[in-house]
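The values are calculated or read from the model by the stated rules, or taken from the named source; none is laboratory data. None of these values were measured; they are calculated from a predicted model. Note: ideal-geometry Cβ built from the backbone for every residue, glycine included; neighbour counts use all protein chains shown.
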Amino acid sequence: MEDAHRLSNFLQPVIAPPSEVHHLEHSVEWMLLGAVLTLVLVAILLAARRYGKNFKVENTETGLSKLLANKWYVDELYDAIVVRPLDALGAFLGRVIDNRVVDGVVNGVGKAVQFGGRQLRLLQSGQVGSYVLLMVASLIAFLILQLFWKP
Amino acid sequence: MYAAFDNFPALLIWLPLVGALLSFFMRSETAAKNVAVLFSLLALGVVGSSLLYVDSKYQALNQVSYVWLPGLESSFAFILDGLTRTLCLLTAVSFPLIFLFIPVGKYKQPHVFYGLMMLTQCGLMGVFMATDALVFYLFWELALIPVYFLSSIWGGEKRIRATFKFFIYTFVGSLFMLIGIIYIYLKTSGSFNLINFYNAALTHQEEGWLFALFFLAFAIKMPLFPFHTWQPDAYEQSPTPVTMVLSGIMVKMGLFGLMRWLIAMLPHGAKAHQTMVVVLAVIGMIYASLIAMRQDNIKRLIAYSSIAHIGLMALGIFTFQQVAVTGVVIQMFTHGVNVVALWMVADLIERQTGTLSMSALGGIAKKAPNLAIFMLVFAFANIALPLTNAFVGEFMIFSGVYAMSPWWAAAAGISIILSAVYTLNMVKNVFYGEAAAAVQGFMDIRPLQSFVFVVLTVLIFFVGVYPGPFLSMIAETVSLIVNKLTGI
């Protein structure tokens with residue numbers, strides 16, 4: 001089968017083949033296993049003594065237990081420093097920057113063209129006198145430019 | 001120009017065109033729809049069978065050239081290579097699914113609607129396959145014009161304003177590109193052929209400002225921040241099938257243009273402007289993601305999410321790294337599939353409840369569990385979870401970006417986190433919780449819709465689990481592009 005190894009390297013252009021894999025010593029593995037088991041047993045014994053037969057529910061809403069009951073206030077912290085500022089930023093970008101500034105520039109180009117067209121249209125008044133006046137004014141302007149302006 | 005139908009590119013141009021003309025002349029809606037479905041399926045069949053003939057010994061099947069304007073040395077020249085095959089496949093897969101999804105009686109004058117849709121498909125195929133600059137420009141506009149009519153006839157309340165803006169915006173961009181095309185043409189030996197354009201005698205300074213002309217056209221089309229403001233309005237106001245074409249396929253015209261008609265053609269210009277584009281792309285990704293978080297309308301949310309995804313793809317292209325650019329090509333395909341799927345779900349919700357406002361929706365999962373399952377798959381694909389299609393592309397893009405600079409990778413990574421935030425938030429608000437008043441009597445999906453969704457789901461997982469064939473198909477074309485940028 002030529003396709004036998006397709007599955008093992010189907011992502012090959014993306015992921016490089018794994019280099020050496022590290023192995024732990026056997027003694028280290030046993031030691032870790034033993035340590036974990038001891039910890040588990042200690043925890044079970046402690047819990048059985050603490051919450052065993054004579055367990056009463058105490059008021060936990062003080063000090064450390066309140067902090068723990070509220071999960072260290074991590075959710076509230078996230079909410080205050082990440083969620084709400086990002087929400088506000090998103091609303092600001094959407095409402096003000098995108099609508100007014102970025103889109104404003106785009107619409108501004110269109111408006112400027114329309115405004116320019118409206119203003120320039122006024123020049124086409126149909127009155128020959130004003131055309132002649134403009135022509136003479138332009139001639140004088142060009143003459144002055146030609147005579148006095150040396151680049 | 002007369003046709004020889006013994007090659008794939010000619011068929012991919014002619015089939016949608018003939019389908020469009022036939023649809024225009026159909027009397028009844030079912031006839032028009034059947035013609036559109038038939039011809040788009042034929043196009044899919046052509047792309048599908050072309051996948052079996054990728055080898056260079058079949059070159060005659062994948063390349064075609066008819067003389068068009070002999071005096072100008074412009075010809076109808078098309079090629080089907082790894083890059084274009086992927087995009088043509090996306091186009092060919094999307095159209096029949098979109099047609100099947102359109103409910104009967106939804107649009108007045110359906111024969112015109114289907115005809116214009118097929119014409120758009122013809123334009124898209126031409127843009128992707130053209131190897132002649134003038135023909136590329138011709139099809140670039142040919143794809144735009146039917147969309148203008150589709151949106152301004154069948155769109156929402158504010159359709160005229162939104163469509164006009166979209167049209168003017170993209171048209172201004174493409175006129176700048178036309179100036180660039182003519183300038184380069186005058187610097188070649190007098191041919192619009194892509195190879196001649198690649199070899200045009202241009203100074204570095206000329207490449208610099210030509211880059212700006214082409215980049216503007218492509219950046220508007222993608223759209224890249226800050227040229228994106230036509231997009232949320234256009235997506236919201238266009239009829240949903242048109243929005244699917246716009247966001248699923250048409251925006252890929254811009255990304256495709258960057259690869260074939262910009263960085264490979266003006267490598268020095270691209271190198272000189274690399275930092276600018278990278279900065280724009282990263283800003284756009286974070287900017288659009290933050291705005292997406294605060295959208296109440298589902299269509300606008302998907303629109304901004306799309307801007308963020310496109311930003312990532314533009315970033316990938318401008319790393320000029322083989323792995324990232326390959327990732328972008330595959331991501332262009334998968335983003336198309338995923339965003340079309342999301343629009344379909346949004347359309348189903350709007351059809352039944354009359355609203356897309358998240359604050360008025362909720363609890364759809366109770367009424368329509370099947371729809372909810374599909375939506376969750378599409379949402380996961382939008383976030384690019386592993387095993388979904390988008391993961392492959394995004395991973396490759398990110399490894400390229402990381403190789404360029406870990407800092408840019410970290411900044412861009414923020415937008416990935418944010419995409420999970422707004423996508424899952426939308427799923428939660430719309431599908432879970434108590435059933436809102438608007439969703440009472442919500443019906444689950446029907447068999448035909450299920451079929452469409454199953455096809456999309458299969459595509460999502462197939463590309464996500466087994467991207468190998470795609471990657472090997474794309475690799476050669478991408479290395480041709482990337483090699484033009486190395487060593488300069």
**OP:** Sort through B:A346, B:A381 and tell me the only one that's modelled with pLDDT of 90 or more, within 17 Å of the chain's Cα centre (by Cα) and either of a type in the set (G, A, S) or crowded, with 22+ Cβ neighbours inside 10 Å (or both).
**Re:** B:A381
**OP:** Among what's in segment B:215-228 and is at pLDDT 90 or above, over 16 Å from the mean Cα position of the chain (by Cα) and buried (at least 23 other Cβ atoms within 10 Å of the Cβ), pick the residue that is nearest to the other protein chains (Cβ to nearest Cβ).
**Re:** B:F227
Original post:
So is B:A281 assigned to a helix (DSSP H, G or I) and within 14 Å of the chain's Cα centre (by Cα) or not?
Top reply: no
**OP:** Might you let me know whether segment A:61-79 holds any residue that is more than 30 Å from B:A162 (Cα to Cα), part of a helix (DSSP H, G or I) and in contact with a helix residue (DSSP H, G or I) (Cβ under 9 Å, 6 or more places away or on another chain)?
**Re:** yes
Subject >> Residues that are touching a residue at least 24 places away in the same chain (Cβ under 8 Å) and either within 14 Å of chain A (Cβ to nearest Cβ) or touching a strand residue (DSSP E or B) at 6+ places or on another chain (Cβ under 6 Å) (or both), drawn from segment B:249-294 >> reply: B:L280, B:I283, B:G284, B:M285, B:I286, B:Y287, B:A288, B:S289, B:L290, B:A292, B:M293
Original post:
Residues of segment B:108-138 being under 11 Å from B:I13 (Cβ atoms) and outside any helix (DSSP H, G or I), which ones?
Top reply: B:A130
Original post:
B:F139 fails exactly one of the following numbered conditions: (1) within 30 Å of B:K106 (Cα to Cα); (2) surrounded by fewer than 20 Cβ atoms within 10 Å (Cβ to Cβ); (3) not aliphatic (A, V, I, L, M). What is the number of that condition?
Top reply: (2)
Original post:
Do we have B:G180 as in a helix (DSSP H, G or I), within 14 Å of chain A (Cβ to nearest Cβ) and within 30 Å of B:Q205 (Cβ to Cβ) here?
Top reply: no
**OP:** Identify all residues within segment A:73-132 that are among the acidic types (D, E) and at the interface with another protein chain (Cβ under 8 Å from one of its Cβ atoms); write none if there are none.
**Re:** A:D87, A:D98, A:D103
Subject >> Yes/no for A:A141 being under 21 Å from B:I286 (Cβ atoms), out of contact with any Leu (no Cβ under 7 Å at 6 or more places or on another chain) and of a type in the set (A, V, I, L, M) >> reply: no
Original post:
Would segment B:53-60 turn up any residue that is among the aliphatic types (A, V, I, L, M) and modelled with pLDDT under 85?
Top reply: yes
Original post:
Can you name every residue in segment B:266-281 that is surrounded by fewer than 24 Cβ atoms within 10 Å (Cβ to Cβ) and hydrophobic (A, V, I, L, M, F, W, C)?
Top reply: B:A272, B:M276, B:V277, B:V278, B:V279, B:L280
Subject >> Among (1) within 14 Å of chain A (Cβ to nearest Cβ); (2) under 20 Å from the mean Cα position of the chain (by Cα); (3) surrounded by fewer than 24 Cβ atoms within 10 Å (Cβ to Cβ) - the single one B:Q321 does not satisfy >> reply: (2)
Original post:
If we scan segment B:463-484, do we find a residue that is out of contact with any strand residue (DSSP E or B) (no Cβ under 8 Å at 6 or more places or on another chain), part of a helix (DSSP H, G or I), under 15 Å from B:F378 (Cα atoms) and among the hydrophobic types (A, V, I, L, M, F, W, C)?
Top reply: yes
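If you check B:P241, B:P232, B:P226, which single one turns out to be more than 19 Å from B:G393 (Cβ to Cβ) and not in a helix (DSSP H, G or I)?
Values: B:P241 fails: not in a helix (DSSP H, G or I); B:P232 fails: not in a helix (DSSP H, G or I).
Of B:P241, B:P232, B:P226, the one residue that is more than 19 Å from B:G393 (Cβ to Cβ) and not in a helix (DSSP H, G or I) is B:P226.
Among the candidates B:Q352, B:Q331, which residue alone is at negative phi, at pLDDT below 90 and either crowded, with 22+ Cβ neighbours inside 10 Å or outside any loop (DSSP other than H, G, I, E, B) (or both)?
On the way: B:Q331 fails: at pLDDT below 90.
Unique residue meeting the criteria: B:Q352.
Residues being among the β-branched types (V, I, T), within 13 Å of another protein chain (Cβ to nearest Cβ) and within 15 Å of B:D81 (Cβ to Cβ): count how many of those fall in segment B:444-488.
From segment B:444-488, those among the β-branched types (V, I, T) are B:445, B:452, B:454-455, B:457-458, B:460, B:463, B:465, B:474, B:477-478, B:481-482, B:486, B:488; that's our starting set.
Among the residues that remain, those that are also within 13 Å of another protein chain (Cβ to nearest Cβ) are: B:463, B:465, B:474, B:478.
From the residues that got through so far, the ones that are within 15 Å of B:D81 (Cβ to Cβ) too are B:474, B:478.
Qualifying residue count for the region: 2.
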Original post:
Which is touching a strand residue (DSSP E or B) at 6+ places or on another chain (Cβ under 6 Å), among the β-branched types (V, I, T) and crowded, with 23+ Cβ neighbours inside 10 Å, of B:T120, B:T131?
Top reply: B:T131
**OP:** With the checklist (1) farther than 28 Å from B:E476 by Cα; (2) crowded, with 21+ Cβ neighbours inside 10 Å; (3) among the β-branched types (V, I, T) in hand, flag the one item B:I263 doesn't pass.
**Re:** (1)
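To keep it simple, each residue is scored yes or no on (1) within 14 Å of chain A (Cβ to nearest Cβ); (2) in contact (Cβ under 8 Å) with a residue 24 or more places away in the chain; (3) under 16 Å from the mean Cα position of the chain (by Cα).
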residue: B:V242; (1), (2), (3): no, yes, yes
residue: B:N297; (1), (2), (3): yes, yes, no
residue: B:A303; (1), (2), (3): yes, yes, yes
residue: B:S306; (1), (2), (3): no, yes, yes
**OP:** Could you list all residues from segment B:397-418 that are within 13 Å of another protein chain (Cβ to nearest Cβ) and touching a Ser or Thr at 6+ places or on another chain (Cβ under 6 Å)?
**Re:** B:G400, B:S415, B:L418
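Condition check ((1) closer than 30 Å to B:A341 by Cβ; (2) at pLDDT 90 or above; (3) in contact with a Phe, Trp or Tyr (Cβ under 8 Å, 6 or more places away or on another chain); (4) polar (S, T, N, Q)) across all residues:
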| residue | (1), (2), (3), (4) |
| --- | --- |
| B:Q63 | no, no, yes, yes |
| B:S75 | no, no, yes, yes |
| B:L80 | yes, no, yes, no |
| B:F95 | yes, yes, no, no |
| B:M118 | yes, yes, yes, no |
| B:G123 | yes, yes, yes, no |
| B:L134 | no, yes, yes, no |
| B:I145 | yes, yes, no, no |
